[in-house]
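Only one structure is covered here, and it is reproduced in the block below.
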Amino acid sequence: MLSGMSNLIQFFTDHPDLKLLISRIQASSDDFWLVGGCIRNTLLKLPQNDIDICCSGDPTPLIQSWARDVSAHWFWLDEKRLQSRVLLPGELYLDFTPLRAPAIVEDLQLRDFTINALALSLKQLSSNQDLLDPTGGVDNLKNSQLAICSPTSCTDDPLRMLKGIRHAVTLSFTLEPDTFKELCRSAHLIINSAGERIRDELAKIFAADEITRGVELLLDTGLLPFIFGPPGESWNRKTAVADLEHLSIVTQGGEFSPLAEPTATVNSEQFSTRAVFLLARLIKLYAPENLVELLHSRLRFSRYLRRLIEELQSPPNLELLSLATGIVGQRREALFVEQFEPFAEQKMVYWSLSDGLLSLARVGELQQSFAAEQKSGRIPDLINGKLVAALLDGTSNVQIGEWLQKIKLAEINGEISTESEAEKWLKNKLSFDKKPI
């Protein structure tokens, strides 16, 4: 038994729900094995919250019964393939699937990377048993190297190429030379993967500390052009990588953002603020031909994240933004932030980090004022629309809205601060507008 595996066995025997699962597995006529990531992470001494288990038959009846008895949540991942998941308290989840081959060794040889092609029998769970490692995964773990299990690994499931890049940047592994060549040869096949699956892998890659290395691997293997399409004329790889490296550094640790993270839950995964900012920056630098088609049709982003990424592509109004340091007063600060809606708070953090247009401390102050002054999701007008309509003598709602916006800009500039001042300001403006030229 390899060093560290005893800790995994101890984890199962100490956890009351898992201990019950093991007792039922050992009484079953089917064979069950721990496989993949939980063994890999144990050997790498990494934390884990997911456990993969495969079965020689259909694991569903046993698992459903066990899940009911321990008050856990069971649901299908893929009913056709008899793949299911159980969620236990404490954010621990277990995935169950039948073997994909007649025997466990053959099943392991069909997997993606050797470091995931490891198995431990649950029928004889003890420190005396040997770890199944038919593809040399343990040696690759020791050498921090990522290698495919077979020459058909990438063609069997092209998404494995993105998964390999994700492993490389999250585990700080290198791609074995033949594996790198296979990714390059098979890169064009990534277009056959579902957009949702590509998106989910990109979320994990862009959340990694080594994101610039991830982007360079996406470029070196040729995967990025097949996902994003050809780059725009202004694309410069060296400049882009340096830009992303800067943004990666200033967004590490998750402490950069005083705002609540915009997230979209996708198959239990989330896009963090950091991942969204880095992806948006790459898109801006890469300048794909059809951004809407990329985000919506190809990558299947949620409407919220599509709109946020699209908004982050637009340059800020620098003249308006230059007022940020001189504005005093909670309402004026709140009105200032409102001018950059939608996604004003996210955009201001992004501009601070990516371009240094505002200090992060000042962004935090502005956001606090914005939150404090909002009522029903907006900053109330200083004077109401009915008064404006009366002064405008029946003009359209569009004009009323335009004048209410002008009044807010006058507040930001410090020209007015009260309802009576706003009314007088508006009357003067309207009187001036009516003078003959």
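Nothing in this text is a laboratory measurement; each read-out follows from the coordinates by a stated rule. Bear in mind the structure is a predicted one, so any value in this text is a computation, not a measurement. For neighbour counting, all protein chains shown are included, and Cβ atoms are generated from backbone atoms with ideal geometry for every residue, glycine included.
List of remarks:
- The chain: calculated mean residue ellipticity at 222 nm from DSSP helix runs of at least 4, using -39500 (n - 2.57): -15000 deg cm²/dmol
- Put a plus charge on the Cβ of each Lys and Arg, a minus charge on the Cβ of each Asp and Glu, and nothing anywhere else: the dipole of segment 161-312 about its Cα centre is then about 300 debye.
- Size descriptor, Kirkwood hydrodynamic radius, that averages inverse alpha-carbon separations across the chain, Å: 25.5 Å
- Stretched out straight at 0.36 nm per residue, the stretch from D139 to L189 would grow longer than its current Cα-Cα span by 15.1 nm.
- Pairs over the 18 Å Cα-Cα cut-off, from the set K386/K424; K406/K429; K181/K204: K181/K204.
- Judged by the gyration tensor of its Cα atoms, with axes a ≥ b ≥ c, segment 1-125 is rounded; a/c sits under the 1.5 cut.
- Estimated D of segment 313-437 in µm² per second, where Rh is the Kirkwood radius over Cα pairs and Stokes-Einstein applies at 37 °C, 0.692 mPa s: 209 µm²/s
- Cα lying deepest toward the dipole's positive end in the chain, options P98, A410, T212, charges on Cβ: A410
- Packing here is the average count of other Cβ atoms within 10 Å per residue, and on that basis the peptides 327-338, 89-100, highest first, run 327-338, 89-100.
- Kirkwood hydrodynamic radius (C-alpha pairs) into Stokes-Einstein, segment 318-373, 37 °C and 0.692 mPa s, D in µm²/s: 300 µm²/s
- Rh by Kirkwood over Cα pairs, then Stokes-Einstein D for segment 161-312 at 0.890 mPa s and 25 °C, µm²/s: 157 µm²/s
- If only the Cβ of Lys and Arg carry +1 and only the Cβ of Asp and Glu carry -1, the dipole of the chain around its Cα centre is close to 720 debye.
- Lys/Arg +1, Asp/Glu -1 at C-beta; segment 161-312 dipole; positive extreme among F277, A287, T179: A287
- Mean-position separation - Cα centroids, segment 105-173 and segment 320-368, in angstrom: 48 Å
- Spin-label pair L430/L131, simplified geometry with 7 Å Cα→Cβ offset, distance in nm: 7.9 nm
- If the chain linking S71 and A390 were pulled fully straight, counting 0.36 nm for each residue of separation and taking away their Cα-Cα distance, it would gain 108.4 nm.
- Take the Cα radius of gyration of segment 385-434 and divide it by 2.2 N^0.38 Å, N being the number of residues; the result is 1.05.
- Ranked by how many other beta carbons lie within 10 Å on average, peptides 421-428, 298-305 from highest: 298-305, 421-428
- Nitroxide proxy distance, nm - points 7 Å out along Cα→Cβ at Q252 and Y304: 2.9 nm
- Segment 171-246: mean projected area of Cα convex hull, nm²: 5.6 nm²
- 13 Å beta-carbon shell around R237, net charge (K/R +1, D/E -1): -3
- Only one residue of A119, A334, A344 has its Cα farthest out toward the positive end of the dipole of the chain, where Lys and Arg carry +1 and Asp and Glu -1 on Cβ, and that residue is A334.
- Cubic angstrom per residue, convex hull over Cα atoms of segment 1-75: 103 Å³
- Whole-Å semi-axes of segment 112-213's equivalent ellipsoid (Cα gyration tensor): 26, 15, 14
- The chain - share of DSSP beta bridges that are antiparallel (%, nearest 5): 70 percent
- Ranked by the mean number of other Cβ atoms within 10 Å of their residues, highest first, the peptides 273-282, 216-225 fall in the order 273-282, 216-225.
- Where the Cα pairs of segment 203-254 fall when distances are cut into 5 Å bins, in %: 4, 19, 27, 27, 15, 6, 1
- Among residues other than E310 with Cβ under 11 Å from its Cβ, the summed charge is +3 (Lys and Arg +1, Asp and Glu -1).
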